[in-house]
Amino acid sequence: MIWVIDASVAVRWFIETENHPNADAVLERVVQQAGSFAVPELFAFEVYAVLCRIHPKASEVFEECLMPVLEGGIYRQPMTSELAHRADTFVKKGLTGYDACYAALAADLKGCWVTFDEKAHERIRKFKVSHSLMHSLPENW
């Protein structure tokens, strides 16, 4: 199984007030099995933007903590017209363009998008390409 990590998960790795045991479990598994994870290229930009808004050492944390994770074997999908086309299916179901790219990547990889965005997850639940980490880890974790 390929797990597509949402920015909402990674932010919880670095913001103490947002810490969550399920986010920690994802990070632990990423460190152990990086090849089982993927992100769309916008992931790094989203995490950096959030860190810049709320973390006093945003650039340092991004460079020293997130970049090694990203460079440790996670598959990083560039934006392509094909991905945008597939993401449109999820935009039509009510996701933002950002979230639709995560969902489309999960669908393409026959994986699962793990997120803390419960509203987005609920909008596409029937497609079985997402899981909300708010209350539990995925069943087959």
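Counting neighbouring Cβ atoms within 10 Å and putting the fewest first, the residues F90, F37 line up as F37, F90. Extending 7 Å from Cα along the Cβ direction at T80 and again at E122 yields two label points whose distance is 3.4 nm. For the stretch 3-132, the share of alpha carbon pairs falling in successive 5 Å distance bins from zero is 2, 11, 22, 24, 21, 13, 6, 1 percent. Loop-only check: which trypsin sites (Lys or Arg not before Pro) in the stretch 46-141 are DSSP coil with at most 12 other Cβ within 10 angstrom? Those satisfying the criteria are K57, K92, K110, K128.
Close amide H contacts of F37 (hydrogens built in the peptide plane, cut-off under 5 Å, sequence separation of 5 or more or a different chain): W3, Y75. Summing charges over neighbours of C101, with a neighbour being any other residue whose Cβ is under 15 Å away from its Cβ, gives -3 when K and R count +1 and D and E count -1.
No lab work stands behind these numbers, since they all come straight from the coordinates. Quick caveat: nothing in here was measured; it's all calculated off a predicted structure. When we count neighbours, we look across all protein chains shown, and the Cβ atoms used for this are built from the backbone with ideal geometry, even at glycine.
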